[in-house]
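These notes concern the structure reproduced below.
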């Protein structure tokens with residue numbers, strides 16, 4: 001019976017918690033947990049336009065995170081990005097913008113700009129583009145769609161492929 005309980009606890013434990021190297025001793029050591037990383041009321045067009053404007057000035061890539069707050073993998077990905085080492089890496093190479101696509105019924109004009117209107121079948125979907133709008137990851141936009149089975153390092157390795 002104990003083994004079953006432990007197994008159930010491990011299955012219910014978020015991947016980012018399993019990736020921690022040492023146990024958490026105090027509340028201050030708990031990582032930030034974003035439960036709703038996508039602003040359902042944001043103006044997605046304005047947010048993406050602003051990200052491209054920042055990228056032109058900073059010479060970084062644009063990373064568009066398409067997802068929904070209902071999606072476990074989207075929440076896991078957002079929490080991976082909040083880990084200090086990953087956040088530092090992402091901040092150094094990307095202008096990140098999260099776009100809520102609801103249940104594939106909202107803000108679909110954003111993936112549509114990159115030809116993904118009919119192919120948006122899973123989230124999170126990441127679109128990585130140069131500051132001039134050229135998509136760089138056409139063949140693997142769904143690479144982190146199973147973020148819950150990934151480690152923060154695996155996500156960082158994926159993002160590193162497109163960082164310059």
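In table form, for the structure just shown:
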read-out: Residue list for segment 83-108, filter: surrounded by 17 or more Cβ atoms within 10 Å (Cβ to Cβ) and farther than 23 Å from residue 134 by Cβ; value: 83, 86, 100
read-out: Test: residue 91 is in contact with a helix residue (DSSP H, G or I) (Cβ under 8 Å, 6 or more places away or on another chain) and closer than 23 Å to residue 35 by Cβ; value: no
read-out: Residue 116 vs. criteria touching a helix residue (DSSP H, G or I) at 6+ places or on another chain (Cβ under 9 Å) and buried (at least 23 other Cβ atoms within 10 Å of the Cβ); value: no
read-out: Identity of the residue in segment 120-138, free of Cβ contacts under 8 Å to residues at least 40 places away in the same chain and under 18 Å from residue 74 (Cα atoms), that ends up surrounded by the most Cβ atoms within 10 Å (Cβ to Cβ); value: 122
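A short reminder: the numbers here are calculations on the coordinates, not readings from a lab. Treat the numbers as computed from the prediction; the structure is a model and nothing was measured. No Cβ is skipped: glycine too gets one built from the backbone with ideal geometry, and neighbour counts run over all protein chains shown.
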